[in-house]
Amino acid sequence: MSKPLKLGNLNVSNPKVWVVIGIGVAGIVILTETHRRRRRRARILEREDFGAFIERLELLPFPQPPPPAARQSLSGLTFAVKDIFDVKGYVTGFGNADWKRTHEVAETTAVVVTALLKHGATCVGKTVMDELAFGITGENMHYGIPTNPQMPSHIPGGSSSGSAVAVAAELVDFALGTDTIGCVRTPASFCGILGFRPSHGAVSMIGVLPNSQSLDTVGWFARDPSILHRVGHVLLQLHQVEPRRSRRFIFAEDFFQLSKVPKQKTVYVVCKVIENLSGYQPPKHMNFGEYIASNVSSLKGFREQSTNLKNGISTLKALSSVMVSLQRYEFKTNHGEWVKSVKPRLGPDVSDRVLAAVNSTPENIKTLYKVRAEMRAALHSLLKDDGILVVPTIADSPLKLNLKKGLSAEFLDRAFALTSIATMSGCCQVSIPLGKHDDCPISVSFLATHGADKFLLDTVLDVYSSLQEQASIMSHSFPLPDINGDMDTSELLKEKGNAAFKGRQWNKAVNYYSEAIKLNGTNATYYCNRAAAYLELGCFQQAEEDCSKAISLDKKNVKAYLRRGTARESLICYKESLQDFKHALVLEPQNKVANLAEKRLRKLMS
């Protein structure tokens with residue numbers, strides 16, 4: 001009978017023992033290193049994906065025609081799709097784990113995805129989105145937040161966040177999203193890429209989950225304007241060759257008042273490019289809010305009765321409120337029963353929106369649709385078949401990640417005021433990047449009348465390289481400082497400005513005050529007076545800047561605080577406006593204007 005083997009009895013001088021020990025140790029080392037490398041590869045893969053994908057897959061293109069037939073227009077290109085498009089054999093998750101759990105796999109693939117595969121493109125995955133397509137931040141509590149390649153510590157924008165990030169990070173050549181109230185345009189702007197929202201109804205929505213079918217569109221992202229153009233030709237089924245048309249550019253001046261980006265980096269860039277291209281008429285400038293107020297009569301019942309808000313701004317707020325009401329009504333019709341029965345887990349911001357939709361009881365449904373019809377007619381009357389409206393894509397820079405307090409009312413009001421134009425009119429819109437300002441991506445948008453998608457895509461292809469060149473030039477340019485002059489002459493000009501102001505000649509007053517400032521740029525009264533004239537003209541951004549200058553020169557200038565507060569309220573910067581009125585009250589505790597304004601803003605913000 002053999003004795004049991006004991007470690008203490010091993011003959012360590014035996015070479016075979018060391019071989020066995022060596023093999024065991026080597027195996028442990030190899031196994032540990034393998035696990036380490038796998039974890040490292042997983043981290044690298046996650047980092048390289050920028051958190052853009054919910055699910056990786058591969059849908060190969062349809063068989064291509066053999067030579068000598070021409071290659072398909074999208075041959076060799078890769079794309080991703082938002083988790084709202086059906087793909088046969090996969091559950092369309094709608095960005096929410098509970099939705100995915102309670103729904104079956106798709107039996108067919110969305111029409112638009114099939115069209116892209118037929119034309120030679122390869123689909124590589126489904127991307128992260130705001131839950132139920134009900135957000136504009138890009139944050140998702142189930143699948144994480146895609147990393148904005150331009151600003152990793154800031155939101156990518158939503159709801160088509162993953163698709164925008166996949167393109168911006170160069171993971172794919174283009175990507176599909178959907179745009180209801182800005183869900184393609186916003187992330188395109190925040191991620192510094194091209195984003196196209198087509199005319200409502202121009203691209204098939206078969207196989208796409210609806211949020212609000214009267215507002216939903218399929219949109220797409222690209223870095224290259226030629227790819228944006230080629231994808232558009234496939235999805236819009238454009239084959240006709242049109243003769244070159246002249247183009248009229250119309251700048252919505254009041255919209256650029258809302259933007260925090262200096263106009264020399266947006267308006268000036270586009271104007272400079274137009275000057276140097278043939279077939280482009282001299283640009284025109286207008287107050288777009290006033291135009292809508294005059295041409296969309298159904299909005300009157302939705303406007304706030306605030307004496308402090310100018311007619312145009314009040315109209316834009318009314319239009320965005322109609323847009324939100326229409327979205328809520330249709331979302332409730334589509335998914336209200338599911339929400340009530342399943343009670344899905346939702347992120348805080350999305351939860352608030354979904355509950356507001358499910359609990360909404362709008363009484364004026366017919367009027368909501370009437371506003372939509374009148375908006376389309378108004379835009380067609382303004383733009384016809386050769387007009388392009390130029391607006392900022394979004395007013396604010398990307399917000400920082402993980403906002404515990406959620407989105408402020410003013411951020412949403414300013415964003416929706418801009419996105420509601422195309423959404424409520426059904427017009428096509430493209431967001432075009434124009435470099436950066438203060439390290440944040442900036443963009444402008446071009447809008448064309450409903451059905452003029454090819455015209456708009458052709459325009460982008462025509463002007464894109466010139467816009468990028470001019471934007472680069474402007475990013476390295478700085479305005480020249482004012483030069484002080486004779487004090488007595490400046491006082492005389494100020495008095496002339498005051499007389500013009502009393503005579504309600506606002507433009508003339510601005511000119512006189514401007515001449516006075518050129519001669520003496522250290523007088524706070526000149527800036528404050530010019531701000532008052534700018535307020536009357538509806539030039540709120542200029543008024544804010546003048547008041548800020550006046551305050552820097554005179555910290556106790558009550559009028560400057562009051563006027564800056566008024567300008568900021570009109571620019572939908574409620575928090576900053578409230579601070580100005582509070583500061584005025586500190587200086588003059590009995591000031592009735594400041595007291596009423598503070599109460600109004602507190603009520604509005606609550």
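Quick notes
- Test result for Met474, farther than 30 Å from Phe446 by Cβ, at pLDDT below 95 and among the hydrophobic types (A, V, I, L, M, F, W, C): no
- Screening His450 with (1) over 26 Å from Asn211 (Cβ atoms); (2) of a type outside the set (Ser, Thr, Tyr); (3) modelled with pLDDT of 90 or more; (4) assigned to a loop (DSSP other than H, G, I, E, B) gives one miss only, at (1).
- Options Asn498, Asn507, Asn595, Asn511: the member that is surrounded by fewer than 18 Cβ atoms within 10 Å (Cβ to Cβ), in contact with a Pro (Cβ under 9 Å, 6 or more places away or on another chain) and either on the phi > 0 side of the Ramachandran plot or of a type outside the set (Val, Ile, Thr) (or both): Asn595
- Which numbered condition Ser351 fails, given (1) open to solvent by less than 40 Å² (accessible area, probe 1.4 Å); (2) free of Cβ contacts under 8 Å to residues at least 12 places away in the same chain; (3) over 27 Å from Thr137 (Cβ atoms): (3)
- Ser552 open to solvent by 30 Å² or more (accessible area, probe 1.4 Å), small (Gly, Ala, Ser) and assigned to a helix (DSSP H, G or I): yes
- Residue among Ala377, Ala417 that is open to solvent by 10 Å² or more (accessible area, probe 1.4 Å) and either hydrophobic (A, V, I, L, M, F, W, C) or under 13 Å from the mean Cα position of the chain (by Cα) (or both): Ala377
- Residue count for the range 344-375, restricted to those that are in contact with a helix residue (DSSP H, G or I) (Cβ under 8 Å, 6 or more places away or on another chain), of a type in the set (Val, Ile, Thr) and outside any helix (DSSP H, G or I): 0
- Selection status of Asp396, among the charged types (D, E, K, R), over 23 Å from Asn311 (Cβ atoms) and either open to solvent by 50 Å² or more (accessible area, probe 1.4 Å) or outside any strand (DSSP E or B) (or both): yes
- Yes/no for Val231 being of a type in the set (A, V, I, L, M, F, W, C), closer than 21 Å to Asp386 by Cα and either over 21 Å from the mean Cα position of the chain (by Cα) or open to solvent by less than 40 Å² (accessible area, probe 1.4 Å) (or both): no
- Residue, least open to solvent (accessible area, probe 1.4 Å), within the range 564-592, restricted to residues that are more than 30 Å from Glu253 (Cα to Cα) and assigned to a helix (DSSP H, G or I): Leu585
- Residue that is most open to solvent (accessible area, probe 1.4 Å), among those in the range 117-141 that are in contact with a Lys or Arg (Cβ under 9 Å, 6 or more places away or on another chain) and at pLDDT below 95: Met141
- Every residue from the range 55-85 that is surrounded by fewer than 22 Cβ atoms within 10 Å (Cβ to Cβ) and within 20 Å of Asn140 (Cα to Cα): Glu55, Arg56
The values are calculated or read from the model by the stated rules, or taken from the named source; none is laboratory data. For clarity, every value in this text was computed on a predicted model and none was experimentally measured. Note that we place each Cβ from the backbone using ideal geometry, even for glycine, and neighbour counts take in every protein chain shown. Protein only, heavy atoms only, side chains kept; ligands, DNA and RNA dropped before computing areas. Shrake-Rupley method; radii C 1.70, N 1.55, O 1.52, S 1.80 Å.
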